[in-house]
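Have a look at the structure below, then the notes.
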Amino acid sequence: MRLLSGEIFLNGRTRKAVAFDETGIIAFDDEALELDVEFEELGSAFLTHAFMDGHAHPLFAGREHLGPDVTNAKSVAEMQKIVAAWLADNQSPIWAVGGAYVRSIVDGGVFLASWLDEVAPDRPVVLHGSDHHTLWANSEAMRLAGVLSEAPSLSVGSIDVDASGRPTGVFRETEAKELITDAIPELSMADELKALTWAHAELASLGISAVQDAWMDKGMVEVYLAAEDLGELVLRTNLAFWVRPESWRADAKRFIAERTRITALRSPKLSARTVKFFADGVFGSATASVKKPYDSSAGYLGDPVWSSEELNASVAHFAAADFQIHIHAIGDAGVAMALDAIEKAGCPANSVIAHTELVAEEDIPRFAQLGVIANFEPLWAREDGMLTSCLHHLGRERLDSMYRMRDILDSGAKISFGSDWPVSNPDPLLGLFTATHRALPETPEVSWTPHQRITEKEALHAYTLAVAQQLELTADCSDLVILSGNPLKANVLDITVLETIIGGQTVFARQ
C-alpha cells in the first residue's frame, strides 16, 4: 500500500491524501492519513488519474519504429538521408518499412517512387504517410508487389499514376495500400514483441496507463497474447477487431472466438470487447465522405467505405453479439452514416465515433440523443500544415468548422480523447494544451477557432475518466500519474511526467 499527500485531483475533486494498492483506491483525505502507513509528500508535484488513450495503434507504431523513422523530417532530401542511413545500418530485413512522412511537405501530397529510388535502387522501401491512409513505395517495392507497370482498378481508394497509367509511388486507402503491404514479409514474433514492448514503454513514459488499440488485423491478436503470456504487457489494452465490408460475415465467428479466448484469461491488462469500422477515408486524400462536394473536385463526395445498408446490417449484428461499436468517421456524411447505423442498431451502450472531424449542424444533438461518445484527437485541432493542406479540398468555411469539441460538449454529449498514434504525437500534455488553446505551442496566443476551446478540467476528464468509461474501467482503479505541476493551473507545456502507476505498481519513474 502507498499513501501520498499533497496536491491531488481525483474523481473531479481536490484531495489532500490518497491511499491505494494493487486492488484500487482504499481511502481519501483524513481517513487515508489515519492508516498505519508511512506517507509520502508530493511537494510541488500533482497526482491525478493516469491518462488513457481512447484511440491509438501502438503495435503499428512499434512496427514503424523498427524501420526508418522519418516522422520529424522537414524535406524529401532529409527523408532520403534517413532512409539511406537505415539501409546502410541494416542489411536485413531486406524490406525497409517505416514512417511517417508528412504529406504537406510536398504540394498536393504527391510523392514519387523515383525519389526513394535515388537512395534505394535495389531494395524495397515503403513509408507510411502520417495519416496512415496513404503509403509511399519505391520502384523495387512496386516491382515485388506486381504493380510497377500498371495500376489495377479499385472499388475504394486510388493509386497515383503518370500519363501512361504507370504507378508513380503513392497508394491511398486500404485496398490500394494492401497491393504493397501484402507483399511485405511478416515480422517474426520476436520482432513483433520488440515493437509492442517499445510502444508500451513510450506510452507509459507519457503517463498513459490504458489504451484502445483501434485496429486488430489477422495475426495481431497473437502478439498481444504472447506478450500477456510472457508477462510483458505493460498497459491495460482493449483490442478492436477490424470489420471489413467484404468479409465481415465470415470474420464474425473468428472475432467471437478470439474474444472468448482473451476473456478466459481473466487478465487485468487485456480485453477484446470492441469492433472497429471505417465509415470513410481522410480529408488529406479527399476520401472522407462529405455531404457537399469537395471544392477541389466538382461533384465528388469522397469514398464511403460501406454502403449504408451494409454498415447498418454489420453494426446491428455485432451489437447483438455484445461488441462495443467503434466507427472511424471523418467527413460529415461519414459521421451521419455512423450515427444512423448506431441508431438503427438500438443505440448500443458506449458506442464511439472516432475523429468526428466535420459534423453537420443537424447531427450535433444526435450524439447526446443516441448516447454516442465522440472521440477526438485534440492535437489535430490547430492550424498546422496538416490542417491547412486540406484547405483546397474543403474551403475556409468547412475547414473552420472542424473539431467542434465545445459544441458537442455543450449539446450534452460525452467526449473522450485519443491520439491515433502513430498518426500524431501521443503526448497527453500536448493534447491538453491544444484542446484548451486551439493553438501551436510556439504561438499560444494565436488561437484557431477559439470558440471551440474547452476548459482545463474538461480536457483532463476527456483524457482520463472519459476514456476509462469508454474502456469500461472502474474510476477507483489505482491507475495514477504524478506530474511535476498542476495542469489545471500551470502552463501544461512546462509540466513533465514524474511517475506512472498502473494497478498500484510503478511502471515508469523519471530519473
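If you compute volume of the Cα convex hull per residue in Å³ for the structure shown, which of (i) 149; (ii) 200; (iii) 160 do you land on?
Computing volume of the Cα convex hull per residue in Å³ and matching it to (i) 149; (ii) 200; (iii) 160 gives (i).
Determine the alpha carbon to alpha carbon distance for each of LYS194/LYS269; LYS177/LYS269; LYS269/LYS489 and list only those over 26 Å.
LYS177/LYS269; LYS269/LYS489
Projecting each Cα onto the charge dipole of the chain (Lys/Arg +1, Asp/Glu -1 at the beta carbon, about the Cα centre), which of ASN72, PHE255, PRO378 comes out farthest on the positive side?
PHE255
Taking θ as phi - 60°, what are the ³J(HN,Hα) couplings along region 380-386 by the Karplus curve (6.51, -1.76, 1.60), each to the nearest whole Hz, with x for Gly and Pro?
Ordered by residue, 3J(HN,Hα) equals 7, 8, 8, 8, 9, x, 5 Hz.
Got a sec? How would LEU203, LEU471 order by Cβ neighbour count within 10 Å, fewest to most?
LEU471, LEU203
Report, to the nearest 10°, how far helix 332-344 tilts away from the longest principal axis of the Cα atoms in the chain, using its own Cα long axis and a range of 0 to 90°.
With rounding to tens, the tilt is 60 degrees.
If you plug each phi of region 195-206 into the Karplus form 6.51 cos²θ - 1.76 cosθ + 1.60 with θ = phi - 60°, what whole-Hz ³J(HN,Hα) values come out, in order, with x for Gly and Pro?
Running phi through 6.51 cos²θ - 1.76 cosθ + 1.60 with θ = phi - 60° gives 5, 5, 4, 4, 4, 5, 5, 4, 5, 4, 5, 9 Hz.
Does region 356-483 come out rounded, prolate or oblate by the C-alpha gyration tensor, with a ≥ b ≥ c the root eigenvalues, rounded set by a/c under 1.5 and, if not, prolate when a/b is larger than b/c and oblate if not?
Oblate, since a/c reaches 1.5 and b/c is not below a/b.
Starting from the Cα gyration tensor of region 189-471, take the square roots of the eigenvalues, sort them a ≥ b ≥ c, and report rounded, prolate or oblate (rounded when a/c is under 1.5, otherwise prolate if a/b is larger than b/c, else oblate).
oblate
Quick one: helix 76-89 against the long Cα principal axis of the chain, what's the angle to the nearest 10°, folded into 0 to 90?
80 degrees
List the residues whose amide H sits under 5 Å from the amide H of HIS326, counting only those 5 or more places along or on another chain, with H placed 1.01 Å from N in the peptide plane.
Amide H neighbours of HIS326: VAL275, PHE277, VAL352.
Amide H neighbours of LYS414 under 5 Å, counting only residues 5+ apart in sequence or on other chains, H built in-plane at 1.01 Å?
Hits under the 5 Å cutoff: ALA374.
Given R₀ = 25 Å, what would the calculated FRET efficiency be for SER296 paired with SER205, taking r from the Cβ atoms and rounding to 0.05?
The computed FRET efficiency comes out at 0.05.
Show me, for region 258-272, the HN-Hα J-couplings you get by feeding each phi into the Karplus relation (A = 6.51, B = -1.76, C = 1.60, θ = phi - 60°), rounded to Hz, glycine and proline as x.
Rounded to whole hertz, the list is 5, 4, 4, 4, 6, 4, 5, 5, 6, 7, x, 9, 10, 9, 8.
Quick query: amide H of GLU40 versus all other amide H atoms, modeled in the peptide plane; which residues come in under 5 Å with a sequence gap of 5 or more or a different chain?
LEU3, LEU4, SER5
To the nearest 20 Debye, how big is the dipole of region 227-367 about its Cα centre, given +1 on the beta carbon of each Lys and Arg and -1 on that of each Asp and Glu?
660 debye
So which lysines pass the test for LYS291, namely a Cα distance under 25 Å, with those fewer than 8 places away in the same chain ruled out?
Partners found: LYS276, LYS344, LYS414.
Using a cut-off of 12 Å between beta-carbons, work out the net charge of the residues near ILE159 (Lys and Arg +1, Asp and Glu -1, ILE159 not included).
Taking every Cβ under 12 Å from that of ILE159, the sum is -3.
Under a Cβ-Cβ cut-off of 12 Å, what is the net charge of the residues other than LEU187 that fall near it, where Lys and Arg count +1 and Asp and Glu count -1?
Combined, the nearby Lys, Arg, Asp and Glu give -3.
Taking Cα atoms, how many degrees apart are the long axis of helix 308-320 and the longest axis of the chain, rounded to 10 and kept between 0 and 90?
30 degrees
Read-outs throughout are calculated quantities, based only on the coordinates presented, and are distinct from any laboratory measurement. In this text the structure is predicted, and so the values were computed from the model without any measurement. Note: ideal-geometry Cβ built from the backbone for every residue, glycine included; neighbour counts use all protein chains shown.
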